[in-house]
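Below: the structure, in C-alpha cells.
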Amino acid sequence: MTIRNLIPVLGDQLTPSLASLRAGDPARDVVLFAEVDAEATYVKHHKKKIAFCFAAMRQFAHALRQSGWRVDYTCLDDPQNTGSISGEVERALMRHGAERIVVTEPGEWRLRAEMDRWQGQLGVAVDILEDDRFICSHADFRSWAEGRKQLRMEFFYREVRRKTGLLMDGDKPAGGKWNFDSENRKPAGDNLDFPVPLRSEPDALTRKVIDLVGTRFADHFGDLEPFWFATDRGGAEAALEHFIAEALPSFGDYQDAMLQDERFLFHSVLSLYLNAGLLDPLDVCQRADNAYRSGRVPINAAEGFIRQIIGWREYVRGIYWLKMPGYREMNALHANRPLPEFYWTGETEMACLRSAIGQTKEEAYAHHIQRLMVTGNFALIAGIDPAAVHEWYLAVYADAYEWVELPNTLGMSQFADGGLLASKPYAASGNYINKMSDHCSSCAYDVKRKTGDRACPFNALYWDFLARNRDALQNNPRLAQIYRTWDRMDGDKRKDYLVSAARFLKTLR
Ligand SMILES: Cc1cc2nc3c(=O)[nH]c(=O)nc-3n(C[C@H](O)[C@H](O)[C@H](O)COP(=O)(O)OP(=O)(O)OC[C@H]3O[C@@H](n4cnc5c(N)ncnc54)[C@H](O)[C@@H]3O)c2cc1C
Ligand code: SF4
C-alpha cells in the first residue's frame with residue numbers, strides 16, 4: 001500500500017486532537033514516534049523526566065494503534081536507531097516511501113530550525129502545522145505585543161480571560177476583580193491538612209521503560225524511583241480530578257508558602273501532563289471554573305490557578321517565540337559566576353536550598369516559589385551565569401521544555417532580559433524565606449544575623465546584588481525606595497555587608 005503522509009509525533013505532542021493527526025488519515029498515513037538519545041542528552045535530563053516522556057510516548061502510540069492508526073515506533077534500544085529525530089525521520093521515509101511529511105510545529109526553537117531544513121535535506125514536501133493546543137497563537141501574541149512599551153502579563157491575561165470567557169460574568173471579571181493575588185500570600189502552618197497528589201502505580205510498559213532509563217542514563221541527575229507519575233491520559237485526568245477535589249480549594253491561600261516536610265502543599269503537579277499534551281489547558285481551566293461556579297472552590301483559588309495557565313503559561317510561550325533565538329543569549333546583569341556544585345548534590349548548609357534541591361533530585365519537581373525564591377533567588381543574588389542556571393532548570397524538572405523554562409528562568413528569575421518579563425528582579429533576603437517557610441528554624445545559619453560567618457548568606461548577598469548592579473537597576477521605580485534605604489545606611493554597615501558577601505562568594509565551588 002502506498003503511504004501518503006509520514007506524521008512524526010514528538011514526545012510533548014501526545015494529544016489525540018493534535019493538528020497533524022487531525023490532518024491525517026489512518027488508512028493512508030503512518031505515524032512515527034522515535035525515542036532518541038539526542039533529546040534525552042542535549043542537557044542531561046532528570047531520569048524521571050526521561051522515563052515519563054518515553055513511557056507516555058509508548059502509551060500514546062499504543063492508544064493510536066488501538067484506534068486504527070498505523071504506527072511506526074523506534075525504541076531507544078533499537079540497534080538501528082540513529083539517535084536523532086531527523087535521522088529517524090529519514091530512516092522512516094526510506095521504509096515507507098511517503099510523499100510528504102506532515103508535522104505539528106515543535107515547542108522549541110532548536111527543533112523548529114531542524115524541521116525547517118527537512119525539505120531541502122530529505123527531498124520531500126514538509127508541512128509544519130501550527131500547534132493549536134495553545135489558546136494564543138504566535139500571530140495573536142505578536143499583534144498583542146506590537147507597539148506596546150511594556151509586555152506585562154497582567155494585561156495579556158485580561159485579554160485571554162475575555163477571549164475564553166473563563167471566570168467572566170458578562171464583560172466583568174467574576175468576583176469583581178481580575179486578580180486576587182494579594183489574598184494568596186499566607187504562610188502555611190503545621191495545623192493544615194495537606195493533600196497528596198494522586199500517585200500512579202507503574203504498569204508493565206512503564207516498568208520496562210524505567211529499567212531502560214536506569215541502565216542507559218545512570219549518570220544523569222536525579223532518582224528514578226519511586227516513580228509515581230501517570231503516563232497516559234486516563235491517569236493524568238484522574239490526577240486533575242483529584243487536584244480539583246482535594247487541593248484546589250486551598251490553592252490560592254497558600255500559593256507562596258513553603259514547608260520543609262510538605263513538598264506539594266496545595267499545588268497541582270499537573271505541569272508535566274499539560275506540557276506533554278496529556279491534559280488540555282483550556283479543559284483544565286474550564287473544570288476549575290466549573291468548580292468555582294458550583295461553590296466547591298473560592299474565587300481566589302480558581303482565579304489564581306487559572307491565571308497560571310491562561311496567563312503565565314501562554315504569556316511565557318509568547319515571549320519565547322517573539323524573542324528567540326537571541327533571548328537565550330541575554331545577560332543584562334553580566335552575571336558570570338559558575339553554578340555552584342551543590343545545585344547538583346544538594347550538599348549545602350543552607351536549609352532552604354538543601355530542601356529545594358533534595359526534593360528536586362527525588363521528585364523532578366519543586367513548586368513555583370521554591371524555583372523562584374530559593375534556587376532562583378540565590379543564583380540571582382550570587383551572580384551566577386544565567387546560561388548555566390537555564391541549563392540546570394531545563395535538566396532537573398519533569399515539566400521542563402525550553403519554551404516555558406527559558407523565559408521563567410532567564411527572564412522572571414534571573415532578570416537577564418533586563419526587565420522585559422518582570423518589572424523588578426525577584427531578589428530577596430533571608431527575611432522573605434523566613435516569613436514564607438519553616439526552613440530557617442533548622443538551618444545552620446541565623447536568619448536574623450545580617451553579617452558575619454553564621455549570618456544567613458541571603459542577607460549580605462541581597463545588598464551586595466543591589467550595590468553591584470546599581471547602574472542597571474537604580475532607575476527602576478520599584479527599587480527606588482530600597483536604594484534610598486541603602487544610601488541612608490551607615491557606611492560601616494554597608495561595608496560589612498559587602499565584605500560578608502565577598503567572603504561567602506569566595507567559598508562557593
Ligand atoms: C526558574 C523557573 C523555572 C521554571 N521552569 C518551568 C518549566 O520548565 N516548566 C513549567 O511548566 N513551568 C516552569 N516554571 C513555572 C512553575 O514553577 C511551574 O509551572 C510549576 O511550579 C509547576 O508545578 P504545578 O504543576 O504544581 O503548578 P501549580 O502551582 O499547580 O500551577 C498550575 C499550573 O500553572 C502553570 N504555571 C504556573 N506558573 C507558571 C509559570 N510561571 N509559567 C508557566 N506556567 C505556569 C503550570 O502549567 C502549572 O501546572 C518555572 C518557574 C521558575 C521560577
Ligand atoms: S537562614 Fe538563610 S540560608 Fe538558612 S534557611 Fe533561612 S534563608 Fe535559607
- Message: Could you tell me which residue out of Val297, Thr360, Ala257 lies farthest along the dipole of the chain toward its positive end? Charges go on the beta carbon: Lys and Arg +1, Asp and Glu -1, centred on the Cα centre.
- Response: Ala257
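Normalized C-alpha radius of gyration of the range 137-260, against 2.2 N^0.38 Å?
Details: Rg = 20.6 Å, N = 124, 2.2 N^0.38 = 13.7 Å.
Relative to the 2.2 N^0.38 Å estimate, the range 137-260 comes out at 1.50.
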- Query: In angstroms, what radius of gyration and Dmax does the range 188-304 have, counting Cα atoms only?
  - Reply: 16.1, 49
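State the dimensionless ratio Rg/Rh of the range 379-509 (Rg: radius of gyration of Cα atoms; Rh: Kirkwood radius).
Over the Cα atoms of the range 379-509, Rg/Rh equals 0.98.
Find the Rg to Rh ratio for the range 401-449, where Rh is the Kirkwood radius over alpha-carbon pairs and Rg uses the same atoms.
Working: Rg = 14.4 Å, Rh = 12.6 Å.
That ratio is 1.14, to two decimals.
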- Over all Cα pairs of the range 114-177, the Kirkwood radius sets Rh, and Rg/Rh then becomes 1.21
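Please work out the Cα convex hull volume for the chain and give it in Å³ per residue. Display every interim value, and only then the final one.
Working: hull volume 79.1 nm³, N = 509.
Each residue corresponds to 155 Å³ of Cα convex hull volume.
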- Percent antiparallel among DSSP beta bridges confined to the chain, nearest 5, equals 15
- Partners for Lys448 among aspartates and glutamates (Cα-Cα distance below 20 Å; same-chain residues under 8 apart left out): Glu349, Asp438, Asp464, Asp490, Asp492, Asp496
- Note on the structure: Ratio for the range 243-369, C-alpha Rg to 2.2 N^0.38 Å, reads 1.26
- Measuring with a 1.4 Å probe in the full set of protein chains, what accessible area per residue, in whole Å², belongs to the range 116-249? 54
- Message: Set the bar at 28 Å for Cα to Cα. Now go through Lys44/Lys163; Lys361/Lys506; Lys44/Lys450; Lys424/Lys495; Lys323/Lys450 and name every pair that lies beyond it.
- Response: Lys44/Lys163; Lys44/Lys450; Lys323/Lys450
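Can you give the extra length, in nm with one decimal, that the chain gains between Arg142 and Gln119 once fully stretched, where that is 0.36 nm per residue apart less the Cα-Cα distance? Walk me through the numbers before you get to the answer.
Working: separation 23, 0.36 × 23 = 8.28 nm, distance 2.66 nm.
Length gained, Arg142 through Gln119: 5.6 nm.
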- Message: I'd like to check one number: the per residue accessible area of the range 448-488, probe 1.4 Å, reported in Å² as a whole number.
- Response: 57
- Please sort 63-70, 106-113 by packing, taking for each peptide the average over its residues of neighbouring beta carbons within 10 angstrom, highest first. 106-113, 63-70
- Query: When the accessible area of the chain is split by element with a 1.4 Å probe, what percent falls to carbon and sulfur?
  - Reply: 48
- Write down the Å³ per residue value for the convex hull defined by the alpha carbon atoms of the range 1-153. 140
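Exactly which GluC sites (Glu not before Pro) in the range 323-376 are in a DSSP loop and have at most 16 other Cβ atoms within 10 Å?
On the way: sites: Glu329, Glu341, Glu347, Glu349, Glu362, Glu363; in loops: Glu341, Glu347, Glu349.
Counting only loop positions with at most 16 other Cβ atoms within 10 Å, the GluC sites (Glu not before Pro) in the range 323-376 are Glu341, Glu347, Glu349.
The values are calculated or read from the model by the stated rules, or taken from the named source; none is laboratory data. These numbers come from a predicted model, not from an experiment. Virtual Cβ from ideal backbone geometry, glycine too; neighbours counted across all protein chains shown. Calculation scope for accessible area: heavy atoms of the full protein, side chains included, ligands and nucleic acids excluded. Shrake-Rupley method; radii C 1.70, N 1.55, O 1.52, S 1.80 Å.
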